[in-house]
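Trainee: Have a look at the structure that comes next, please.
The values are calculated or read from the model by the stated rules, or taken from the named source; none is laboratory data. What you are looking at is a predicted structure, and each value in this text was computed from that prediction instead of being measured. Here Cβ is always computed from backbone atoms with ideal geometry, including for glycine, and neighbour counts include all displayed protein chains. Ligands, DNA and RNA are excluded from the accessible area calculation, which covers all protein heavy atoms including side chains. Shrake-Rupley method; radii C 1.70, N 1.55, O 1.52, S 1.80 Å.
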Amino acid sequence: MKHGNSKQINEALAFLKAGELVALPTETVYGLGADAKNPAALSKIFLAKERPFTHPLIVHLAGPAQLSQWASVLPQAVKPLAEAFWPGPLTLILKKQPWVSDLLTGGQDSIGLRIPAHPMAQALLQAFGSGIAAPSANRFTHLSPTTAQAVREELGAKVACILDGGPCEVGLESTILDLSRDRPIILRPGMISASEIETVLQKPLSLSKEQAPHVPGSGPLHYAPETQVHLVSSTGPSSFLSSLRPHDLPLVILTQKKPAFEREGIQWIVMAEQPQRYAQDLYQTLRALDKQGFKKIVVETPPHDPGWEAIHDRLRKAAGRRI
Ligand code: TXA
Ligand code: MG
């Protein structure tokens with residue numbers, strides 16, 4: 001196995017079976033895992049994250065054969081989506097089985113299910129043989145962790161063990177597609193884009209948010225660093241800079257171009273031009289900058305091209321705006 005070894009997996013497995021919390025790498029972000037059939041273990045997730053009990057959890061499974069244990073209805077769309085995107089960064093919201101705990105669903109009649117691709121997550125899920133509930137392994141409203149070190153900073157002693165699977169490849173949370181109602185709706189954009197899903201479904205997706213249930217992450221100031229994040233137009237931060245006062249400094253600017261100028265108190269970070277690489281680095285970059293005492297993190301808005309939707313969504317949330 002590339003990441004970790006069977007000793008670590010066995011240790012994590014023993015903790016899960018004992019009702020303890022285990023942080024695990026997935027290809028999107030690190031998850032805070034617990035036995036999805038153990039209510040006492042699930043309660044620990046909410047306490048560790050300081051997350052309200054009404055916010056539903058995603059249950060991670062080893063493979064599609066387990067879906068019908070948790071979901072009472074598998075619409076036709078599930079098969080082609082599973083073939084195209086699983087294992088991978090897609091979560092499906094499906095009608096739940098009657099026995100499924102309210103702790104997983106936030107009291108709703110649906111459940112979020114995902115089959116992650118990371119080899120350590122897969123190894124743990126296969127050994128466990130049942131569902132692992134895992135929200136992102138951060139405290140409520142914080143940035144999701146994309147390294148084991150970031151999990152340690154977020155949750156430290158609140159988890160029994162942290163499986164270190166290296167930096168997450170995708171870097172942003174999964175795309176959430178709700179298939180539990182009449183029409184499919186994207187509840188959270190991710191690096192699997194709406195148009196990729198439309199291609200597989202061979203029909204347009206509804207983007208209406210009105211019917212969507214309350215979803216944490218759709219409110220303001222979610223996925224946010226402590227330092228104030230300020231978005232500026234990609235035509236350049238010059239008008240923003242001319243309004244700067246000395247007390248705004250030091251600040252850091254995330255750009256995708258060569259830095260426009262040098263100025264005392266301003267640091268530039270050049271981000272990738274490809275959305276996949278930008279997404280991979282974003283949370284880790286924000287997390288590192290958050291510790292450096294900047295008054296502001298200024299982000300030049302990336303292009304509005306296909307493939308950037310999830311990045312725009314998370315940047316708006318980091319800046320504390322409603323989508
Ligand atoms: O990439 C990911 O999805 C990561 C990794 C660990 O798998 N997990 C993650 O979990 O981001 P969390 O709890 O931080 O975000 C899950 C989102 C929440 O916004 C939650 O409200 C939504 O999924 N969700 C879960 N079950 C739902 C349901 N039945 N109906 C509507 N939304 C649901
Ligand atoms: Mg989260």
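Trainee: Hey, can you tell me all the residues within the stretch 98-120 that are open to solvent by less than 10 Å² (accessible area, probe 1.4 Å) and either more than 9 Å from ligand 1 (Cβ to nearest atom) or in contact (Cβ under 8 Å) with a residue 60 or more places away in the chain (or both)? Even if it seems obvious, please write down each step before you answer.
Mentor: Within the stretch 98-120, the subset open to solvent by less than 10 Å² (accessible area, probe 1.4 Å) is 100, 104-105, 111-116, 120.
Correct list: VAL100, LEU104, GLY112, ARG114, ILE115, PRO116, MET120.
Trainee: Please enumerate the residues belonging to the stretch 14-39 that are outside any loop (DSSP other than H, G, I, E, B) and near ligand 1 (Cβ under 10 Å from one of its atoms). So that I can check it myself, show each step before the final result.
Mentor: Initially, the stretch 14-39 is screened for residues outside any loop (DSSP other than H, G, I, E, B), giving 14-17, 22-24, 31-35, 39.
ALA23, LEU24, GLY31, LEU32, GLY33, listed by residue number.
Trainee: Could you run through the stretch 267-294 and say how many residues are surrounded by 15 or more Cβ atoms within 10 Å (Cβ to Cβ) and free of Cβ contacts under 8 Å to residues at least 24 places away in the same chain?
Mentor: Residues meeting the conditions: 2.
Trainee: Cβ-Cβ under 9 Å, sequence separation 6+ or interchain: first residue in the stretch 121-140 and on the phi > 0 side of the Ramachandran plot, partner more than 8 Å from ligand 1 (Cβ to nearest atom). Which pairs?
Mentor: Short answer, once both residue conditions are applied: GLY129/ALA62; GLY129/GLN66.
Trainee: Which residues, taken from the stretch 170-186, are within 16 Å of ligand 2 (Cβ to nearest atom) and aliphatic (A, V, I, L, M)?
Mentor: Residues of the stretch 170-186 that are within 16 Å of ligand 2 (Cβ to nearest atom), as a first pass: 170-176.
VAL170, LEU172, ILE176 - these are the residues of the stretch 170-186 that are within 16 Å of ligand 2 (Cβ to nearest atom) and aliphatic (A, V, I, L, M).
Trainee: Going residue by residue through the stretch 40-48, is there one that turns out to be part of a loop (DSSP other than H, G, I, E, B) and out of contact with any Lys or Arg (no Cβ under 6 Å at 6 or more places or on another chain)? Step through it out loud before you land on a result.
Mentor: From the stretch 40-48, those part of a loop (DSSP other than H, G, I, E, B) are none; that's our starting set.
Looking for residues that are part of a loop (DSSP other than H, G, I, E, B) and out of contact with any Lys or Arg (no Cβ under 6 Å at 6 or more places or on another chain), one finds none in the stretch 40-48, hence no.
Trainee: Another question, if that's okay. Would you mention how many residues in the stretch 167-179 are among the small types (Gly, Ala, Ser) and either modelled with pLDDT under 95 or open to solvent by 20 Å² or more (accessible area, probe 1.4 Å) (or both)? Explain how you work it out, then say what you get.
Mentor: So the first thing to find is which residues in the stretch 167-179 are among the small types (Gly, Ala, Ser), and the list is 171, 174.
With either modelled with pLDDT under 95 or open to solvent by 20 Å² or more (accessible area, probe 1.4 Å) (or both) added as a condition, the list becomes none.
Matching residues across the stretch 167-179 total 0.
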